[in-house]
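Worksheet: one structure, shown below.
The values are calculated or read from the model by the stated rules, or taken from the named source; none is laboratory data. This is a predicted model, so every value here is computed, not measured. FYI the Cβ positions are ideal-geometry reconstructions off the backbone, even for glycines, and counts take in every protein chain you see. Surface areas here come from the heavy atoms of the whole protein model, side chains and all, with no ligands, DNA or RNA. Shrake-Rupley method; radii C 1.70, N 1.55, O 1.52, S 1.80 Å.
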Amino acid sequence: MFQWMQVLTADKSEELEDNAVVTRNSEYKKYATEDGREMVEYHVDSYKQFQDECNLATCFGDYLSVRAGHDRPLLSLGHDEAIFKQYTLTKSAWVTPEGSTALVPKDESQGRMISAFQSRKFGFGMVMTDKDLQRVNETRREKKYTNETAAIAKRGSADKKNLLSSPFILEFECGVNFEGYWSCEHMVLQLEDCVDCMKVITLE
């Protein structure tokens with residue numbers, strides 16, 4: 001995973017330890033480069049400046065470990081869904097000294113569902129520019145979703161259409177009179193859209 005920093009020489013590492021900037025012997029690997037320089041690998045969380053420097057130099061704010069070899073790098077994602085309703089928190093109301101109170105709705109009103117991905121690498125949702133979306137859409141042209149049955153059921157066609165915004169945060173008007181209810185088919189389509197985006201973004 002992208003969580004490492006390998007730009008320190010052995011001398012610099014000793015200096016940081018002597019100054020109590022990083023904990024002594026907290027390095028993960030000492031190694032030598034092809035030109036013979038002795039280097040030390042740290043986790044980016046070992047020192048705030050590591051993270052700051054990596055944020056400026058890399059797409060995801062850190063590097064792969066030298067121990068990774070030729071293994072395929074991993075990105076850890078988290079996902080959850082939540083429904084927000086307008087009157088969820090209005091079952092109780094203030095009463096004035098005269099005894100009057102505001103009308104309390106009998107139901108929670110229309111619900112809006114959020115289905116979102118987050119990661120240590122890009123935070124809550126992934127911000128994508130128009131240029132990013134254009135590049136992603138070029139790779140999706142004339143391609144079909146892996147689960148064609150789900151795509152036809154929920155989007156009317158198995159063909160991948162252009163993404164108009166980042167698919168990492170989707171808003172869904174749930175309810176029998178609106179867009180129905182969130183299902184496995186919605187989830188697999190959103191996930192594939194996100195994977196298409198990461199394939200393009202992570203190649204930079």
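Take the cross-link list Lys121/Lys160; Lys85/Lys160; Lys85/Lys144; Lys131/Lys154; Lys106/Lys154 and give me the ones stretching past 29 Å between alpha-carbons. Could you put the intermediate results ahead of the total?
On the way: Lys121/Lys160 26 Å; Lys85/Lys160 31 Å; Lys85/Lys144 35 Å; Lys131/Lys154 27 Å; Lys106/Lys154 32 Å.
Those over the limit are Lys85/Lys160; Lys85/Lys144; Lys106/Lys154.
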Any idea how far apart Glu14 and Glu142 come out in nm if each label point goes 7 Å out from Cα toward Cβ? 6.1 nm
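How much length would be gained if the chain were fully extended between Thr149 and Leu75, taking 0.36 nm per residue of separation minus their Cα-Cα distance, in nm to one decimal?
On the way: separation 74, 0.36 × 74 = 26.64 nm, distance 2.76 nm.
Length gained between Thr149 and Leu75: 23.9 nm.
With +1 on the Cβ of every Lys and Arg and -1 on the Cβ of every Asp and Glu, and nothing else charged, how large is the dipole of segment 106-187 about its Cα centre, in debye rounded to the nearest 20?
Details: 14 positive and 12 negative charges, 84 e Å.
Approximately 400 debye in magnitude.
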Solvent-accessible ranking of Lys131, Lys160, largest area first, probe 1.4 Å: Lys131, Lys160
Two-site FRET efficiency, Ala82 against Glu53, from Cβ-Cβ distance with R₀ of 25 Å, rounded to 0.05: 0.10
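What percentage of the solvent-accessible surface of segment 97-203, computed with a 1.4 Å probe over protein heavy atoms, is contributed by carbon and sulfur atoms?
Values: 3610 of 6670 Å².
Here carbon and sulfur together make up 54 percent of the probe-accessible area.
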In Å, what Rg and Dmax follow from the Cα atoms of segment 92-204? 19.7, 67
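Once fully extended, how much extra length lies between Arg135 and Asp159, figured as 0.36 nm per residue of separation less the alpha-carbon to alpha-carbon distance?
Working: separation 24, 0.36 × 24 = 8.64 nm, distance 1.73 nm.
Answer, rounded to one decimal: 6.9 nm.
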